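Remarks on the structure that follows.
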4 protein chains.
Amino acid sequence: MSTERNSPAGGTARDRTPNAARRSEASRRAILTAAFDLVGEVGYARLSIEGIAARAGVGKQTIYRWWPSKGAVLFDAVLMLAQDPGGGTAALPDTGDLAADLGLVLRATVDEFADPRFSEPLRALSTEIAHDPALARSYAERLDGPLREAKKDRLRSAQRVGDLPEDLDLDLAVDLIWGPLTARWLHRTGPLTHAFADALVAAALDGLRGAAAPGRDGTGRRE
Amino acid sequence: MSTERNSPAGGTARDRTPNAARRSEASRRAILTAAFDLVGEVGYARLSIEGIAARAGVGKQTIYRWWPSKGAVLFDAVLMLAQDPGGGTAALPDTGDLAADLGLVLRATVDEFADPRFSEPLRALSTEIAHDPALARSYAERLDGPLREAKKDRLRSAQRVGDLPEDLDLDLAVDLIWGPLTARWLHRTGPLTHAFADALVAAALDGLRGAAAPGRDGTGRRE
Amino acid sequence: MSTERNSPAGGTARDRTPNAARRSEASRRAILTAAFDLVGEVGYARLSIEGIAARAGVGKQTIYRWWPSKGAVLFDAVLMLAQDPGGGTAALPDTGDLAADLGLVLRATVDEFADPRFSEPLRALSTEIAHDPALARSYAERLDGPLREAKKDRLRSAQRVGDLPEDLDLDLAVDLIWGPLTARWLHRTGPLTHAFADALVAAALDGLRGAAAPGRDGTGRRE
Amino acid sequence: MSTERNSPAGGTARDRTPNAARRSEASRRAILTAAFDLVGEVGYARLSIEGIAARAGVGKQTIYRWWPSKGAVLFDAVLMLAQDPGGGTAALPDTGDLAADLGLVLRATVDEFADPRFSEPLRALSTEIAHDPALARSYAERLDGPLREAKKDRLRSAQRVGDLPEDLDLDLAVDLIWGPLTARWLHRTGPLTHAFADALVAAALDGLRGAAAPGRDGTGRRE
DNA sequence: GTATAATCGAGACGGTACGTCCCGTCTTAGT
DNA sequence: ACTAAGACGGGACGTACCGTCTCGATTATAC
C-alpha cells in the first residue's frame, strides 16, 4: 500500500518505522472494511478514526501506526475494494469501434456513480485528494495512474487503426473524455445519464463544431 | 444571499427564522472577510467557526444564526468577493473568433487557479459542494448558474454566425470545454498551463479525431 | 419591593433610574409568577432570565430594568406569594403554653418544607442569600426580620408570664429553636418530622441535660 | 472518593465506567487544588469547569470523566484539604468539662467561618448540597458523617460520667448545638462571635428556661 | 388634544461556559 | 514486538444564557 510507511524489509535496530513483517493482516482488513462501511453510512465528514477503530475492534494506535491520515485509510479501503477481484487493472474493451467501446465504459462509470455504496467513498476520496497533495500523489500513482494507462492503451489502439491522429496528446484526450464526467459528478451541474455518456463520447471525438446533432447517427461519426 | 434564511418581511406565525431586518451588515461583512482570509491562511480543513468569529470580532451565535454550515459561510464569502466590483456577471468576450475568445477565458481561469489566494477558497468550496446537496443547489443557482449562462450566451452567438451547429446541446458543450479544466485542477492529474487551455479549446471544438494534428493552425479552425 | 431600584417619586430629568410610576403592574406580576412557577418546575440552577421573560411574555430588558439579579426576582416572587393573603406578617399563636405553641409552629414549618411547591423556591432563595450579601440584607429586612420579630414577640410574652428568664438573649433563643430546623432542612442530615419538631422544642426549652427523655411528657416540661 | 465512579477492579460487561486503575493521580490533585484555589478567588458562582481545567493544565474531559458535577469536584477538593494532615477525623477534646470542651470546638468553628479561605468553599459546598441530593449523600457519608460521629462520641462520654441523660437523642443533641451555628453562618442573621459560641453551648445544655440567667457561671452549669 | 417621553415586547449582538466529540500521543497489559 | 484498550492535554463543536443595545408600538402624563 503506497500510503503506508513500510520499512523496506525488516527495518534496522533503532528504527521508529514499524516492522511491517509483524503487522496483523486481520486488523488491516478489519480497519479498511470498517472505514469503507462507515463512510457509506455516516459520510466522510462524520467518519472518525475513533469510529473506525471501534467498529474494527482495533486500538486507535494501530491505525495511527500504519496510516498518516483519515484520507489515507479511506484510500486504501477504496483500493482494496477496487482490486479485490483480479490482481491488476482490467483493460478497456477493444472491439475496434472506439466510440462504442468508450460509450460502454462511460455508461458503466455513470452507473457506478449512481450507486451510493461506491459513490460516497469515491466522492470523499476525490475531494480529499483536492486538499492533500501527498494523497494526490498516491492517487496518481496507484489509482488514477493504472486506470489512465489503460485508457491511453485503448486510445493508442485507435491510433494504430487510424481512428485517431498519431500525434494526439493522449493525456489531453483522456481529460477531454472523462473530465466532463467527473466534473458533472462532483458538482452536480447536470444529470448523469447514459444519454450524457453517449453524447459526451460523440462530442469529444468529433468536436462541438460537428457533433451531437440529432439526425446524425449515435456513434457520433461524421459522414 | 441564497444560503441565508431570510424571513420575507415579517415571517409567518410559528417562525424560528431570525429577523433579517435587524441584521447587522457590519458583522456580516466582517464574517465573510474573515472567512475568506482565514481559508487562504490556514486552509479549509483548519478553518473553524470559532476562528472566523474570533477574527471577525463577533459572537459564534451570530454566525450560527445566519448560516447553516461552515461551507455556507465560505460560499457567501466567495460570492461577495466575486461580485464585489460590478453588480451582475460579466459576459464572455465576443470578438467573432470563438476559439480565440474561449482560449482567452480559459487561460484567465488557469491563471486564477494558479493564484492560491483564489484557488484555495474555490477548491474548498468545490469539494464542500460535492458533499452538501443544499450547498450544491445554492452553487447552481447563484455562482455556476449565471456563469454558465454567460458561457452559453457566447456559444449561442457562435451558433448565430454559423461557427457551431444550431442543434448543439449547449450544456454538454460547456461541460466539454470547462469540465476537463476543473477536473485537472481538482485532481492535479496534469499541469494547468496556457498551453493546456489552448489545446483543450482546440480539441473540444474540433474533436479528438480532428484536433492537434500538425499542419492545422493553433486556433483550432478547420480549413 | 426592596430589591427594586425605585426613583423616589418621579425621578429628575437626566435620571437613569427608571420611573416606577410608569411601571407596568401586569408585567411585574407576570414575571414574579413565571419565576416562582419555573423554579418549581426546573429548579433554581436551570432557572434563567430568558426563560422567565419568555414564560411571562415579557422583554428581557423589562426584567433587567427592575431587578439586579435572578435571585432578586426570586426573592420578590417568594415575597409576593408569602404576603398574598394579608398585608402584614401574622403573629405566632399564644395560648399561654409556650411549648405547645412553638410545637405547633415548628410542625407547620416542617409541613411547608415537605411541600416541594414551597420548599424548592425557598431552598433556592436560602442558598442564594448565602452567596449574595445584598440579597441577604433584603432578606434580613423584609423576610426574616418581620418573622423574627414575631417570634421574639411570642418569647417576650413568655418572659412576661415567667416562662422564660427576663434576661434571655432573644436572638440566641430564636436561633436555638429554629436554627436546627433550618440546618437539617438544608443539609438533609436527618428526617424532618413532627416528632423532630416536638423534640427540638423540648430540648431547646429545657436543655440537653434534662430534655427529650422518653417517659417525660410531650410538652417537654420538667416536673 | 465517594463522588467518583470507580470500577471495582475490571468492571462488569457493559460498563461505561472509566478505568480507575489508569487514572492520573497528578491530574486529580491538580484539579482539586485548582478548584479549591479558584473558588476562593472568584467565588462559586464564577467557578467554571473550564477555569478549573485551564488552571490545572488539564483537558476538560478529564474532569467530566471522573466527576459528575462542579459541586462534586469542589466536594472532593474540600475533602482533600480537610483530610490532608492525618488519615482519620480527629476526636473532639475531652477534658471532662463538657461545656468547656464544646465551647472550645465551637469557637474554633467560628474562627474557621471567619476565614474566607475556608469559609467560601465550605459555603459553596453547603449550598450545593442543598440542591443536589446525590452530593448530599456523599456529604452525609464522607464529611458530615465522621464528624457527627466524633461529636456524638464526646456526648456519649458525657453520658458515661452523668453529664447528660442516658436516653438523650444524640442526633437531636448535635443538631441543637451545631444547627444554630450553621444557620447563622449561612443566613448571616447575626454576628458569629466567640461570645455567641459560648452562649449557644450554655443555652443548648441548660435550655432557654434556665440559661443565661445572671448569677449563673459562664460554663452554663446549673448548681 | 395633542406632543413627548418613558416603558414595553422583541430579539440581535459580543461574549462565556456548557457538555460532547474527536484529535494525536502516551501508557499499560496481554498475546 | 505488535496489539486492544483507553486516559490524557487539547481544540472545536453547536447550544444556552448572559447583560447590553437598538428597534417600532404602545401608553400615559404634561403641555
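The values are calculated or read from the model by the stated rules, or taken from the named source; none is laboratory data. The structure presented is a predicted model; accordingly, all values stated were derived computationally and were not measured. Please note: Cβ atoms are built from the backbone with ideal geometry, for glycine as well, and neighbour counts cover all protein chains shown. Note: accessible area is taken over every heavy atom of the protein model, side chains too, but ligands, DNA and RNA are not part of it. Shrake-Rupley method; radii C 1.70, N 1.55, O 1.52, S 1.80 Å.
For region B:40-62, the tally of residues that are surrounded by fewer than 22 Cβ atoms within 10 Å (Cβ to Cβ), free of Cβ contacts under 8 Å to residues at least 60 places away in the same chain and not charged (D, E, K, R) stands at 12.
Note on region C:15-39: residues that are closer than 29 Å to C:Arg123 by Cβ, surrounded by fewer than 15 Cβ atoms within 10 Å (Cβ to Cβ) and more than 13 Å from DNA strand F (Cβ to nearest atom) amount to 1.
On the basis of being near DNA strand E (Cβ under 9 Å from one of its atoms) and within 26 Å of the chain's Cα centre (by Cα), does B:Ala77 make the cut? So B:Ala77 fails the test.
The sole residue among D:Arg188, D:Arg156 that is more than 7 Å from chain C (Cβ to nearest Cβ) and open to solvent by 30 Å² or more (accessible area, probe 1.4 Å) is D:Arg156. Selection of region A:137-153 for residues being in contact with a helix residue (DSSP H, G or I) (Cβ under 9 Å, 6 or more places away or on another chain) and more than 13 Å from every other protein chain (Cβ to nearest Cβ) yields only A:Arg142.
Would a scan of region B:67-80 turn up a residue that is of a type in the set (Val, Ile, Thr) and under 18 Å from A:Ala45 (Cβ atoms)? For region B:67-80, residues of a type in the set (Val, Ile, Thr) and under 18 Å from A:Ala45 (Cβ atoms): present. All conditions in (1) under 24 Å from B:His131 (Cβ atoms); (2) touching a Pro at 6+ places or on another chain (Cβ under 9 Å) hold for A:Asp101, with the sole exception of (1). When A:Ala100, A:Ala134, A:Ala124 are checked against the criterion of being away from DNA strand E (no atom under 12 Å from the Cβ), within 14 Å of chain B (Cβ to nearest Cβ) and open to solvent by 40 Å² or more (accessible area, probe 1.4 Å), a single residue qualifies: A:Ala134. Among the residues of region C:54-71, those identified as within 8 Å of DNA strand F (Cβ to nearest atom) and away from chain D (no Cβ under 14 Å) are C:Gly59, C:Lys60, C:Gln61, C:Tyr64. Would you check if there is a residue in region D:85-97 being more than 16 Å from DNA strand F (Cβ to nearest atom) and open to solvent by less than 20 Å² (accessible area, probe 1.4 Å)? No, there is no match, as no residue in region D:85-97 is more than 16 Å from DNA strand F (Cβ to nearest atom) and open to solvent by less than 20 Å² (accessible area, probe 1.4 Å).
Quick grid of which residues meet (1) within 10 Å of chain B (Cβ to nearest Cβ); (2) open to solvent by 30 Å² or more (accessible area, probe 1.4 Å); (3) modelled with pLDDT of 95 or more:
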{"position": "A:Asp163", "(1), (2), (3)": "yes, yes, no"}
{"position": "A:Val174", "(1), (2), (3)": "yes, no, yes"}
{"position": "A:His194", "(1), (2), (3)": "no, yes, yes"}
{"position": "A:Leu205", "(1), (2), (3)": "yes, no, no"}
{"position": "A:Leu208", "(1), (2), (3)": "yes, no, no"}
{"position": "A:Ala211", "(1), (2), (3)": "yes, no, no"}
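State whether the residues of region C:142-149 include one that is over 13 Å from D:His187 (Cβ atoms) and open to solvent by 60 Å² or more (accessible area, probe 1.4 Å). Yes. Whether a residue is among the charged types (D, E, K, R) and either open to solvent by less than 20 Å² (accessible area, probe 1.4 Å) or on the phi > 0 side of the Ramachandran plot (or both) was assessed, and D:Arg117 does not pass this test.
Could you tell me which of the residues C:Arg107, C:Arg156 is at pLDDT 90 or above, in the same structural domain as C:Phe196 (by TED's automatic domain parsing) and in contact with an Asp or Glu (Cβ under 9 Å, 6 or more places away or on another chain)?
C:Arg107
Remark: pairs (first residue in region C:82-103, polar (S, T, N, Q); second residue modelled with pLDDT of 75 or more; Cβ separation under 7 Å; 6+ apart in sequence or on different chains) = C:Thr89/C:Pro146; C:Thr89/C:Leu147; C:Thr89/C:Ala150; C:Thr95/C:Asp101. For B:Ala124, are the conditions met, namely being within 16 Å of DNA strand F (Cβ to nearest atom), under 27 Å from A:Ala130 (Cβ atoms) and more than 22 Å from the chain's Cα centre (by Cα)? So B:Ala124 fails the test. Counting only residues that are within 14 Å of chain A (Cβ to nearest Cβ) and of a type in the set (Lys, Arg), region B:17-53 holds 1 of them.
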